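The values are calculated or read from the model by the stated rules, or taken from the named source; none is laboratory data. Just so it is clear, the model here is predicted, and its values are computed rather than measured. With ideal geometry, Cβ positions are generated from the backbone for all residues, glycine too; neighbour counts draw on all protein chains shown.
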Amino acid sequence: MPNEKRLRRRISYKADVIIETSDIIIRGQTMNISLRGLYVKTKKRLPPNTPCTLRIKLENGQSAAYLSFEGVVIRVDDKGMGIRFISTKPESFFHLRNILYYYLGNEELVDRELMKDAF
């Protein structure tokens, strides 16, 4: 697409996510994710430029873990929100990178994207 602004490859990825601000908690489901952010389908939406905390639930059948990110809403539409990651802990970034390795099937491609500005 000629108007494509994304700097990172995204993958279709479904997971439960909790989005929190100082005064609201929103539950939704990720639709796609990249090293830089995600799109989440939600019933409630936050205005653009709203800072938030994200908790993405990873399940492996018997247990669950959460990836945690600080983010900011960059886009809102009638189905959900695009949120850019601002910061995270190394463990969450490590797991996100491994998810992308697995779904893209190309570690070198993901590693090249890591050479770009992180957040």
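Table for the structure above
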quantity	calculated
Residue check for GLU70: acidic (Asp, Glu) and part of a strand (DSSP E or B)	yes
Members of region 40-54 that are of a type outside the set (A, V, I, L, M), in contact with an Asp or Glu (Cβ under 9 Å, 6 or more places away or on another chain) and surrounded by 16 or more Cβ atoms within 10 Å (Cβ to Cβ)	ARG45, CYS52
Any chance LEU35 is assigned to a loop (DSSP other than H, G, I, E, B) and surrounded by 15 or more Cβ atoms within 10 Å (Cβ to Cβ)	yes
The lone exception for LEU67 - which of (1) buried (at least 16 other Cβ atoms within 10 Å of the Cβ); (2) modelled with pLDDT under 90 it fails	(2)
Qualifying residue in region 45-61 (condition: part of a strand (DSSP E or B) and within 23 Å of MET115 (Cα to Cα))	no
Selected residue (only one of ILE86, ILE74 is of a type in the set (A, V, I, L, M, F, W, C) and within 20 Å of LYS44 (Cβ to Cβ))	ILE74
Matching option when the condition is outside any strand (DSSP E or B) and not aliphatic (A, V, I, L, M), among ARG75, ARG84, ARG97, ARG27	ARG97
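So that you can scan it fast, the table gives a plain yes or no per residue for (1) in contact (Cβ under 8 Å) with a residue 12 or more places away in the chain; (2) of a type in the set (Gly, Ala, Ser); (3) touching a Lys or Arg at 6+ places or on another chain (Cβ under 9 Å):
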residue: THR30; (1), (2), (3): yes, no, yes
residue: VAL40; (1), (2), (3): yes, no, no
residue: THR50; (1), (2), (3): yes, no, no
residue: ASN60; (1), (2), (3): no, no, no
residue: ASN98; (1), (2), (3): no, no, no
